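Engineer: Have a look at this one.
The values are calculated or read from the model by the stated rules, or taken from the named source; none is laboratory data. Computed from a prediction, not measured in an experiment: that's the story for all the values here. Please note: Cβ atoms are built from the backbone with ideal geometry, for glycine as well, and neighbour counts cover all protein chains shown.
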Amino acid sequence: MPLSKIFLGLLAAAAIALTGCGAVRPPDVRQAGGLARAHARGELIQLEALGPLERARLQQIASEFPGKIAVAGGASLYRVVYWTPYRGRLVAASGLYAVPAGAAAAKGTVVYLHGTQITRAASPSQPQRVDGNEETAVFAGNGYEVVLPDYIGLGVSTEPQAYLIAAAQVDATLDLLRAVRSASIGLGRDAAPSLYLMGFSQGGQSAAAVHRALEREPLAGYRLRASIGIAGPYDLRALVVNKLTPAHAAAPNNAGYFAFIANAYSGHYGHALDETLTAEYAAAVPALFDGSKTPQQLAPVLPEDARRLFRPEFLHALQADQDNWLTRALDENRTDHWAPAAPFRIYYGDDDSDVLPQSAKTFYAYAKAHGGNVSLHALGAVDHWNSAALTYAPALAWFDALSAVK
């Protein structure tokens with residue numbers, strides 16, 4: 001079935017035009033002197049219908065998770081393309097938007113912030129998505145609108161990926177919600193203002209950052225009800241230092257995480273990569289994170305021990321937790337030193353070697369000591385990936401309980 005594209009403008013959100021299929025290409029909005037003046041952040045560029053998922057298929061997906069999740073209905077999926085600011089100018093970004101089948105008003109809007117992803121084709125809004133179908137099954141299949149930002153550097157975005165850059169994730173998420181509101185009007189849907197956040201791994205850090213931003217400045221048309229962070233790297237500096245100790249440096253995936261952080265932060269903060277990495281890896285790493293590679297292509301290039309990535313003097317400074325441009329940047333992007341007002345559940349697995357459990361415990365301890373509305377949930381002897389799977393059923397039950405209270 002050919003894909004349908006629906007073009008919407010903010011000033012004509014109700015005027016929907018269906019066109020033929022084809023790939024979405026981000027418009028070129030670069031202008032001398034900064035931000036493109038003709039557009040606004042959160043403005044909807046394009047809405048593309050990706051087709052329906054029937055209840056039987058969604059039930060099949062949901063049944064893969066523990067907890068016997070029942071799916072009530074089908075859903076329709078869309079790719080949303082919109083404007084968001086990044087490094088001083090507006091850029092095109094994208095995300096997945098799933099709406100429950102039927103005419104009934106949605107219970108609310110669930111934003112899912114996905115974990116580390118290096119492959120553009122696997123972004124939530126792309127046909128080969130890794131994240132999106134599961135959230136559609138569990139939440140859209142049970143009456144919620146579901147929103148997943150691709151993030152800067154994924155989906156239609158051709159920017160370098162803003163990996164673990166909290167402000168960029170906040171902007172991309174809030175502007176997607178603005179664009180979704182315009183899209184929902186054009187689709188004739190009632191508003192779904194009750195907002196629930198859920199994030200895994202990188203997305204756990206993002207969920208905390210978005211929750212914090214919404215409590216500092218609420219987003220028009222939405223009311224934050226609750227958030228869930230799963231295996232999130234909230235205190236980035238402490239996590240980096242801990243994962244460079246002999247006990248953790250050779251853990252699976254570690255070298256990939258550190259190479260990704262070094263590449264993203266060097267570009268974002270204006271430092272040459274060879275200030276941080278050895279000449280060999282400074283030359284090899286950028287091509288690994290250009291959006292075209294898969295995780296399986298990293299292992300042959302990167303060392304088993306993450307410490308070998310770094311210049312010796314830089315590694316020594318990190319291991320000693322000395323102040324430098326990278327540790328300052330990691331501190332700038334920490335999301336553990338604040339106290340949520342709306343409830344925030346923090347989940348972690350005891351056997352997680354990707355994001356050490358101490359990150360969750362540190363966030364909880366600080367927030368609780370400062371009057372935060374937080375709870376800490378240990379999932380037992382499970383690793384990074386299984387910690388996410390175990391959280392879908394309790395997340396749905398919690399969101400349903402909250403949505404029943406108006």
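Engineer: Which of the following residues is at pLDDT below 95 and part of a loop (DSSP other than H, G, I, E, B): ALA299, ALA341? Walk me through how you get there before you give the answer.
Structural biologist: Details: ALA341 fails: at pLDDT below 95.
Going through ALA299, ALA341 in turn, just one is at pLDDT below 95 and part of a loop (DSSP other than H, G, I, E, B): ALA299.
Engineer: Considering only residues that are over 23 Å from ALA341 (Cα atoms) and charged (D, E, K, R), which ones fall in region 157-197?
Structural biologist: GLU159, ARG181, ARG189, ASP190
Engineer: From the list VAL180, VAL241, VAL285, pick out the single residue that is in contact (Cβ under 8 Å) with a residue 60 or more places away in the chain, of a type in the set (Val, Ile, Thr) and touching a helix residue (DSSP H, G or I) at 6+ places or on another chain (Cβ under 8 Å). Give the derivation first.
Structural biologist: Details: VAL180 fails: touching a helix residue (DSSP H, G or I) at 6+ places or on another chain (Cβ under 8 Å); VAL285 fails: in contact (Cβ under 8 Å) with a residue 60 or more places away in the chain.
Only one candidate qualifies: VAL241.
Engineer: Provide a single number: the residues in region 302-315 that are in contact (Cβ under 8 Å) with a residue 12 or more places away in the chain and outside any loop (DSSP other than H, G, I, E, B). Can you show your working first?
Structural biologist: Quick first cut of region 302-315, residues in contact (Cβ under 8 Å) with a residue 12 or more places away in the chain only: 302-311, 314-315.
From the residues that got through so far, the ones that are outside any loop (DSSP other than H, G, I, E, B) too are 306-310, 314-315.
Result for region 302-315: 7.
Engineer: What tally of residues in region 359-374 results from selecting those that are out of contact with any Leu (no Cβ under 6 Å at 6 or more places or on another chain) and surrounded by 16 or more Cβ atoms within 10 Å (Cβ to Cβ)? Before you say what the answer is, go through the steps one by one.
Structural biologist: Quick first cut of region 359-374, residues out of contact with any Leu (no Cβ under 6 Å at 6 or more places or on another chain) only: 360-363, 365-374.
Filter again for surrounded by 16 or more Cβ atoms within 10 Å (Cβ to Cβ), leaving 360-363, 366-367, 372, 374.
Summing the residues that are out of contact with any Leu (no Cβ under 6 Å at 6 or more places or on another chain) and surrounded by 16 or more Cβ atoms within 10 Å (Cβ to Cβ) in region 359-374 gives 8.
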